[in-house]
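Engineer: Quick one: the structure is below, and I'll ask about it shortly.
The values are calculated or read from the model by the stated rules, or taken from the named source; none is laboratory data. Predicted model only: the values in this text are computed from it and were never measured. Because the Cβ atoms are built from the backbone with ideal geometry, glycine has one as well, and the counts that use them run over all protein chains shown. Each accessible area value is taken on the protein alone, full model and side chains, heavy atoms only, with ligands, DNA and RNA left out. Shrake-Rupley method; radii C 1.70, N 1.55, O 1.52, S 1.80 Å.
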Amino acid sequence: MTDSIVGELIRKADERAVACDWGAAFERLQEACAKAPEDPGVIVRLGRYQLLFGYPPDRWLPMFERAARLASFAPAARTELALAYAVAGRLQEASDTLTGVLNAKGCPPLAPQLLALLYAQNLQHAEAKELLRQAVAAFPSDLDSRFLLAQYREMELDHAGARALLDGILGLDPGNARANLALRRIDRSGRQGWNPAESGVPKSRSVVMLVDDRRIDRRVLDEAVSLQDAGWDVVVVAGETPAENPFWDEECYPDLRIMRVNERAFTIASPCGMYRYSVPYTR
């Protein structure tokens, strides 16, 4: 009976957290803690909510550490603890925790993914790619490992390798938005490799237009078209693709060269999807 009551309180807390009603979420969890003070599921949720609510790490990290201990250091609990360490900026502790998890029975896919991101953070890209290759082989149905490795391939301009991984994702999940967007970006990447020296137009008639927008002002694009019609070679350099209608500019102005500055990040989410750890793509 107690387990069912605690489970219902946790469910209600999660509902209130999704709605960002933190007061009610904390209240439900406090009731659950009163009924099951040693339940790692309740304790780790307290840590997650404190993290999301903006408390400093010294408030929520002990929650993750205690939950991992109460769960007998199960691989999933230790992996989430490592993710919490990473979010807190304690990267060495995150790495040390994950090293033990990788060799444990029941290692979750998140463990090698997170360790790969920590390698990327430390500029150890060869190690990161090798770990992701191993993760793809060990967890063939996990899409996150494939996507992270595809991001590496794209970053290295290995578009064929990236496409193969993304096609594999779409084979398992045809509606995968991230993979579809990445494929569209790769399809347009040939324009980003434009070299004015190969255009046959004198350098004095080459123009680079810089804007710091993601959605480019239509007046800029119209001016670029006018210059291009007048015989100039034009490239428009702008911010990363917007989240909404990401290729609207390119599709409305298909004859313009639009180059997007790479602001993407390697990102993985917590098991609950409520918080994440990111490494800048440019890192």
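Engineer: Are there any pairs, at least 6 apart or on different chains, whose C-beta atoms fall under 7 Å, with the first in region 70-88 and modelled with pLDDT under 95 and the second surrounded by fewer than 17 Cβ atoms within 10 Å (Cβ to Cβ) and aliphatic (A, V, I, L, M), and if so, which?
Structural biologist: PRO75/ALA104
Engineer: Tell me, yes or no, whether region 100-113 has at least one residue that is closer than 16 Å to TYR275 by Cβ and basic (Lys, Arg). Reasoning before the result, please.
Structural biologist: If we filter region 100-113 for residues that are closer than 16 Å to TYR275 by Cβ, which is where we start, we get 110, 113.
From the residues that got through so far, the ones that are basic (Lys, Arg) too are none.
No, that holds for no residue.
Yes or no, residue by residue, for (1) at pLDDT below 95; (2) in contact with a His (Cβ under 9 Å, 6 or more places away or on another chain); (3) under 17 Å from PRO280 (Cβ atoms):
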position	(1), (2), (3)
LEU98	yes, no, no
LEU102	yes, no, no
LYS105	yes, no, no
ALA116	no, no, yes
ASN122	yes, no, yes
ALA138	yes, no, no
ASP144	yes, no, no
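Engineer: Moving on to the next point. Residues that are under 26 Å from the mean Cα position of the chain (by Cα), modelled with pLDDT of 80 or more and under 21 Å from GLU154 (Cβ atoms): does region 221-238 have at least one?
Structural biologist: yes
Engineer: I've got another one for you. Pick out, from region 1-97, the helices (runs of 4 or more DSSP H) lying fully within it that include 1 or more residues that are out of contact with any helix residue (DSSP H, G or I) (no Cβ under 9 Å at 6 or more places or on another chain) and surrounded by 14 or more Cβ atoms within 10 Å (Cβ to Cβ).
Structural biologist: none
Engineer: Give the residue that is surrounded by the most Cβ atoms within 10 Å (Cβ to Cβ), with candidates limited to residues of region 221-237 that are in contact (Cβ under 8 Å) with a residue 12 or more places away in the chain and out of contact with any strand residue (DSSP E or B) (no Cβ under 6 Å at 6 or more places or on another chain).
Structural biologist: Residues of region 221-237 that are in contact (Cβ under 8 Å) with a residue 12 or more places away in the chain, as a first pass: 221, 223-225, 227-228, 231-237.
Retained after the next criterion (residues that are out of contact with any strand residue (DSSP E or B) (no Cβ under 6 Å at 6 or more places or on another chain)): 221, 223, 225, 231.
Working: LEU221: 20, GLU223: 15, VAL225: 14, GLY231: 8.
The qualifying residue surrounded by the most Cβ atoms within 10 Å (Cβ to Cβ) is LEU221.
Engineer: Name the residue, out of ALA162, ALA150, that is touching an Asp or Glu at 6+ places or on another chain (Cβ under 7 Å) and buried (at least 18 other Cβ atoms within 10 Å of the Cβ).
Structural biologist: The match here is ALA162.
Engineer: Among what's in region 185-220 and is part of a helix (DSSP H, G or I) and exposed (fewer than 14 other Cβ atoms within 10 Å of the Cβ), pick the residue that is modelled with the highest pLDDT.
Structural biologist: The initial filter retains those residues of region 185-220 that are part of a helix (DSSP H, G or I), namely 185-187, 189-192, 196-198, 203-205, 218-220.
Now restrict to residues that are exposed (fewer than 14 other Cβ atoms within 10 Å of the Cβ): 187, 190, 197-198, 203-204, 218-219.
Numbers: ASP187: 79, GLY190: 57, ALA197: 54, GLU198: 57, LYS203: 63, SER204: 72, ARG218: 90, ARG219: 93.
So the residue we want is ARG219.
Engineer: A further question follows. Consider region 170-179. How many of its residues are at pLDDT below 90 and surrounded by 15 or more Cβ atoms within 10 Å (Cβ to Cβ)?
Structural biologist: Adding up the residues that qualify gives 1.
Engineer: Next question, about the same structure. Of all residues in region 243-283, count the ones that are open to solvent by less than 70 Å² (accessible area, probe 1.4 Å), assigned to a loop (DSSP other than H, G, I, E, B) and under 30 Å from ASP14 (Cα atoms).
Structural biologist: Qualifying residue count, region 243-283: 6.
Engineer: Also: Out of GLN124, GLN113, report the one residue that is polar (S, T, N, Q) and free of Cβ contacts under 8 Å to residues at least 60 places away in the same chain.
Structural biologist: Within the list GLN124, GLN113, the selection yields GLN124.
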